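Participant: Before I ask anything, let me first share the structure, which is written out below as structure tokens.
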Amino acid sequence: MPLTEDGIYDVALQLIEADGVEALTMRKLATALNANPMSLYHHVPNKEAVLQGAAARVGSRFSMRDPEDLPWQDRLRHMLIALRELALEHPKLMTYCLGRAEYIQPGDSFWLDLTEALAAAGLPAEEIPRVAATLCATLTGLMISELTGVVQQWATLPVTPDGGAHPAPARLELDAMARFALEGAVAAVDNHPARVRERD
């Protein structure tokens, strides 16, 4: 079967989720594709390009699900839930991506949907990039913490220094924790000083 960019990205995703981003090499990728390593360079220039292509392939599946029919609060909820679902499906790739500034670009559907939802919330145009950036930093930080097991470990800490440890949260509890953070983000946008001034 001839090599294609899509085929390269698909196999790269499999290798990344099996062994992590750091373990991926062009030689390993070529072996998995049953191809000569040099032949990969006719399609992708280097490992970074492979990672970008794999990330774009995953990101292209992001969907708002008819956002225009929803109030802005539900638009935020749906898009951030959709991003978390992608992160949980591809934890090793998304841990790598979510920690990099270039993962979110101005033409990406996620950024466009986010800024459109904030505009629908009535935020002034000059506030939208700062609020969007804050939401991205806060919620992607939570996702990275969940993907790496940090938030699960913190959730076991005792409430007092001499208290006992708590059991690690199960999946349903992690879902509830993510919704809690998401509702906090929605409330923060709703109570943004610029919106409060408009209501007053």
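The values are calculated or read from the model by the stated rules, or taken from the named source; none is laboratory data. Since the model is a prediction, treat every value here as computed from it, not as a measurement. Every residue, glycine among them, receives a Cβ derived from its backbone with ideal geometry; neighbour counts consider all protein chains shown. We work out accessible area using only protein heavy atoms, side chains counted, and drop any ligands, DNA or RNA first. Shrake-Rupley method; radii C 1.70, N 1.55, O 1.52, S 1.80 Å.
Participant: When a/c reaches 1.5 or more, the comparison of a/b and b/c decides; with that in mind, is the chain rounded, prolate or oblate per its Cα gyration tensor?
Facilitator: Oblate, since a/c reaches 1.5 and b/c is not below a/b.
Participant: For Arg27, Arg100, Arg130, what's the largest-to-smallest order of accessible area, 1.4 Å probe?
Facilitator: Sorted by accessible area, descending: Arg27, Arg130, Arg100.
Participant: Here is a follow-up. Once the whole set of protein chains is in place, how much accessible area is left on Ser109, using a 1.4 Å probe, in Å² to the nearest 10?
Facilitator: Its accessible surface works out to 50 Å², give or take rounding.
Participant: Further question on the same structure: If the label point is 7 Å along Cα→Cβ of Glu126, which residues in segment 175-197 have backbone nitrogen under 16 Å from it?
Facilitator: Residues 193-195, 197 fall inside that zone.
Participant: Grab the DSSP H runs of the chain that are 4 residues or longer, score each as -39,500 (n - 2.57), total them, divide by all residues and round the 222 nm result to the nearest 500 deg cm²/dmol. It would help to have the intermediate numbers written out before the result.
Facilitator: Numbers: 11 runs with 129 residues, N = 200.
Here the helix-only value at 222 nm equals -20000 deg cm²/dmol.
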